[in-house]
Amino acid sequence: MQFTTILAMLTAASCVTALPSVMIARGSAAVDPNAVTGTKCTSPSTKLVSHDINVALLSICGSIAGTIQQCAGSPTSTTGKSGTASFALKAVTAGTTIDITKGRWEHCVAAARATCGDSPFTSTCIGGANGNSNNVAFTLSAA
């Protein structure tokens, strides 16, 4: 009986200590500042809700949430909104279309947020239009 109790306590303790290390490892992934260019914080005193930014991020192109991995439909511009946050994207070069992958888009937003945090900004994602041969300008603003 005592062995079972001790084993259960050790198992529970190892699960609790393992969970934070997984969360820390994922949350501290390196941000590549070269993923974007020209980032400007447009309203540093305005703080948007982080969760709203994350949901808006996945709402571009009609939605790139879940298993969808890339913007489809060849838009020249798109938006994503949720709660306090709104993203607006536009292909920089006239005549090109946005086909940004979810991974590239998440990296671009992370790089811009590394500069501005949860405040509104403008930036340009390197690649993301016409098979990554052209760039995508984007803005995070208050919805």
Mind checking whether some residue in region 103-123 is over 15 Å from the mean Cα position of the chain (by Cα) and of a type outside the set (A, V, I, L, M)? no
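Can you confirm whether Gly95 is modelled with pLDDT under 95 and surrounded by fewer than 19 Cβ atoms within 10 Å (Cβ to Cβ)?
yes
The values are calculated or read from the model by the stated rules, or taken from the named source; none is laboratory data. Owing to the predicted nature of the structure, the values given are computational and were not obtained by experimental measurement. Positions of Cβ are generated from backbone atoms using ideal geometry, with glycine treated the same way; all protein chains shown enter the neighbour counts.
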